[in-house]
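This report concerns only the one structure given below.
None of the figures in this text is laboratory data; all of them are computed from the coordinates on show. From a predicted model like this one, the values you see are computed outputs, not experimental measurements. Glycine also receives a Cβ, built like all others from the backbone with ideal geometry; neighbour counts cover every protein chain displayed.
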Amino acid sequence: MPDEVFNVLFLCTGNSARSILAEAILHREGPGKFNAHSAGSQPKGEVHPYALDLLKQLNHSTKGFRSKSWDEFAVAGAPKLDFVFTVCDNAAAEVCPIWPGQPMTAHWGVPDPAAVEGTEAEKRLAFADTYRMLKNRISIFVNLPMSSLDRLSLQQKLSDIGQS
């Protein structure tokens, strides 16, 4: 199990901000241990420019990020998913597709920075706050002792992370 690479999917309705940020964070935090993906139930069709700006400022590669449907991950030939995390309340309430591989799931809802109204500074601060919350949760996740936890214990820890 130490050499196993886990596939992780972050879900949000629009796949334009939160799930994209989570995907970028996991790419950085879990290389060689996790493959990060993101998708949405109703993708916006483009990544929010503030999300891309923030990722670039934090020296994340933004190459390849796009707003895409979760249907891409529920078809034959899609990666076998090990973990699926919803990062918005809307996606958590929706009926999800049947995921190949029977992944563990958890809800890690965070506020939608794209919904914040106010000055440009206030909007950008909302994206930074969302990034911070997701980074904290993902850092805990990547440091879990996967090989020493049974499925039930791991599921409980994933849910606990969503409450932090």
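Between the helical axis of 151-163 and the longest alpha-carbon principal axis of the chain there is an angle of about 20 degrees. For A78, the shell of other residues with beta-carbons less than 14 Å away shows a net charge of -1, using +1 for Lys and Arg and -1 for Asp and Glu. Helices in the chain, meaning DSSP H runs of at least 4 residues, each add -39500 (n - 2.57). Divided by all residues, the mean residue ellipticity at 222 nm is -12000 deg cm²/dmol.
When the trypsin sites (Lys or Arg not before Pro) in the range 1-41 are filtered for DSSP coil states and for at most 13 other beta-carbon atoms within 10 Å of their beta-carbon, no site remains. Output the 0 to 90 degree angle, nearest 10, between the alpha-carbon long axis of helix 18-29 and the longest principal axis computed from the alpha carbons of the chain. Helix 18-29 sits roughly 60 degrees off the main axis of the chain. Work out how much length K63 to D129 would gain on full extension: take 0.36 nm times their residue separation and subtract the Cα-Cα distance, in nm to one decimal. Gain on stretching K63 to D129: 21.5 nm.
Distance from the alpha carbon centroid of the range 98-164 to that of the range 39-71 works out to 16 angstrom. By the rule of a C-alpha distance below 19 Å, with chain neighbours fewer than 8 residues away ignored, the lysines paired with K63 are K44. Within the range 65-164, the GluC sites (Glu not before Pro) that combine a DSSP coil assignment with at most 16 other C-beta atoms in a 10 angstrom radius are E94, E117.
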